[in-house]
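The structure appears below as structure tokens.
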Amino acid sequence: MGTRGAPAIRLAATCFALLFLLHVSTTAAQKGNKGYHAKHRSTAVSGDVESLEQQLGVSGAYERDEKSQYAVPMEAAEEHFHLMSSRPSVEEDEEEGEGLELERLEERHHKKPFGHHGAKPGLPFCTHEGMGQIPAVTGRWVDHPSSNHLGYYDPRTDCPDYAQDFNCLRPYPPAEVNEELAAREFRKVFLADQCQLRHFDAAGFEACMTGRRLFLIGDSLMRQQFNSLACLLKKVSRRGYAAKWDESNYTFQGEYMHKWGEREIPVSKQFLGDFELMNGAQVIIRSFGTYERKLWDDVFSEFEPITSKDVILVNFAAWYPRFKITEPFVPYQQWQESMTELFQDKLSKTKAQVVWKDYSPSHFCGSTGTFNGIDESIPGVPAREKCEPASVGEFWYGDWVRTYINTTCGAACKNIRVLPIFDLSLPRHNAHHGSFGRGRFDDKSTDCRHFCNPVVDMWNTVFYNMMCS
């Protein structure tokens with residue numbers, strides 16, 4: 001066989017090797033959670049709602065990586081994550097039928113432009129109390145009736161200057177903007193199964209946040225959520241600022257070291273910023289890749305006192321892969337240890353309202369879509385031209401957190417809520433920046449982790465429905 005076929009063979013071999021290793025390490029989890037993950041995808045939910053215990057397929061012990069002391073038992077958690085009633089099964093509509101369905105919804109809402117919200121007619125509107133109890137927001141992404149639909153705003157013209165990064169509608173040289181792909185992906189709107197999501201309303205969010213501060217803490221995916229909020233709230237904002245951490249005049253510079261297996265490595269301090277709404281409410285971002293106790297304390301020390309009016313939206317996970325070729329198993333085990341410390345010592349004890357943001361699925365390779373570094377480490381393997389579908393996704397992060405909150409942490413974590421964005425994001429593999437060219441020509445690092453604006457705007461729509469009545 002000629003050399004032209006060699007990269008494809010190596011690519012197939014590396015994906016096969018990854019899938020085999022992940023199969024070995026996740027067999028127990030898949031057995032215990034098969035029912036849950038088959039049901040909680042962003043497609044039409046069929047059948048009557050069973051008890052949460054039946055949906056989770058609980059059979060006793062949750063997965064445990066060898067030598068890990070941080071896995072916890074999987075128990076049914078009715079109190080915090082009781083599932084709202086589901087609608088009956090619905091057959092997939094043809095594109096024309098979906099467009100007509102949305103037109104009827106527009107008529108019900110007095111011709112108000114249809115944005116990233118909605119559901120099947122007849123469902124109740126979502127409430128902030130109910131949204132805090134839903135373990136997963138499932139549904140379908142369908143085409144908006146207008147082929148020119150871009151979502152809530154045009155990210156090329158309607159976002160503040162400090163929130164211009166992560167824009168799929170601008171070119172990533174040498175790649176040009178993929179107009180055809182953009183037209184397809186930006187046209188999609190989400191129809192929820194559980195209830196009708198209320199349209200994100202800037203004035204409503206401002207009123208909801210009166211006298212409050214919203215802290216966004218996490219990696220670059222949290223930075224995306226900050227940028228999305230800055231765009232969504234531009235009309236009710238009066239000032240804003242954002243910068244790379246090491247290029248700012250921020251007080252807390254220098255290295256913060258955190259444990260990584262048997263050694264210590266520096267925390268990646270990435271980004272910071274804030275903006276203020278017309279009524280004085282603040283949205284604040286401190287973005288760093290991995291959790292470290294002293295850095296967490298330093299970040300919040302400048303905002304003391306933290307009160308019950310404050311809200312902390314937080315997530316760490318993307319920097320802790322389940323399997324990576326250069327250090328298999330170490331990052332995920334470290335994530336469990338670090339998150340145990342974070343929940344026990346910080347989140348369960350703060351006076352602020354805490355919302356844990358669900359893991360955001362990636363779409364690199366295989367049924368889980370996980371980034372493993374294999375392709376990037378082999379000379380001759382071409383960069384991915386686009387991001388690939390993931391049928392299951394990296395579900396273990398969300399399962400572990402939900403189980404930890406409701407069993408190991410228990411009463412101490414009773415007020416911690418989960419922002420359920422994993423399942424609704426899983427079908428959107430073509431809405432990653434990598435499918436638009438980002439990273440493809442930069443050391444083969446095609447970006448199949450960060451999403452285009454419409455998906456991230458949907459995260460904030462769910463957050464709005466969860467926080468605001």
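Quick note: the coordinates plus some simple rules give every number you see, no bench work behind them. In this text the structure is predicted, and so the values were computed from the model without any measurement. Counting neighbours? That spans all protein chains shown, and the Cβs are built from the backbone with ideal geometry, glycine included.
Odds and ends about this structure:
- With each label modelled as a point 7 angstrom along the Cα→C-beta vector, the Glu179-Ala207 pair spans 4.1 nm.
- Divided by 2.2 N^0.38 Å, where N counts the residues, the Cα radius of gyration of the stretch 330-380 comes to 1.65.
- Alpha-carbon centroid distance for the pair the stretch 392-468 / the stretch 333-381, whole angstrom: 10
- In this simple spin-label approximation, Met257 and Thr326 carry label points 7 Å from Cα along the Cα→Cβ vector, and these lie 1.9 nm apart.
- Peptides 268-277, 392-401 ordered by packing proxy, namely the average of other Cβ atoms within 10 Å per residue, highest first: 392-401, 268-277.
- Listed residues Pro266, Ala281, Asn249: farthest to the positive end of the dipole of the stretch 235-307 (Cβ charges): Ala281
- Scaled radius of gyration (Cα, divided by 2.2 N^0.38 Å) that the stretch 154-266 gives: 1.38
- Calculated log₁₀ intensity ratio I(q)/I(0) where the Debye formula runs over C-alpha points of the stretch 180-324, q = 0.08, 0.09, 0.19 Å⁻¹: -0.28, -0.36, -1.22
- Hydrodynamic radius (Kirkwood) for the stretch 303-389, which is based on Cα pairs only, to one decimal in Å: 15.6
- Per-peptide average of other Cβ atoms within 10 Å, ordering 334-342, 239-247, 189-197 highest first: 189-197, 334-342, 239-247
- Inter-label distance, nm, simple model (7 Å from Cα along the C-beta direction), Lys444/Glu304: 4.9
- Ranked packing of 310-321, 352-363, most packed first, by mean Cβ within 10 Å: 352-363, 310-321
- Across the stretch 255-405, the mean sequence separation of Cα contacts (distance under 8 Å, 6 or more residues apart), normalised by length, yields a relative contact order of 18 percent.
- Along its principal axes, the stretch 225-275 has C-alpha extents of 49, 23, 11 angstrom, given from the largest down.
- The Cα-based radius of gyration of the stretch 312-467, divided by its Kirkwood radius, gives an Rg/Rh of 1.00.
- Counted over the stretch 366-441 with a bin width of 5 Å, the fraction of Cα pairs per bin, in whole percents, is 3, 13, 17, 18, 15, 11, 9, 7, 5, 2, 0.
- Cα-Cα over 24 Å, subset of Lys324/Lys414; Lys269/Lys414; Lys294/Lys357; Lys269/Lys386; Lys244/Lys357; Lys351/Lys414: Lys324/Lys414; Lys269/Lys414; Lys269/Lys386
- Simple Cβ-charge dipole of the stretch 321-469, Lys/Arg +1 and Asp/Glu -1, about Cα centre, in debye nearest 20: 460
- Mean shadow area of the stretch 243-382, taken as a quarter of the surface of its Cα convex hull (nm²): 11.0
- About its Cα centre, the dipole of the stretch 134-216 is roughly 320 debye, where the only charges are +1 on Lys and Arg Cβ and -1 on Asp and Glu Cβ.
- Assigned charges on the beta-carbon of Lys, Arg, Asp, Glu; the stretch 301-345 dipole about Cα centre (debye): 320
- Multiplying the residue separation of Ser367 and Ala411 by 0.36 nm and removing their Cα-Cα distance gives an extension gain of 12.3 nm.
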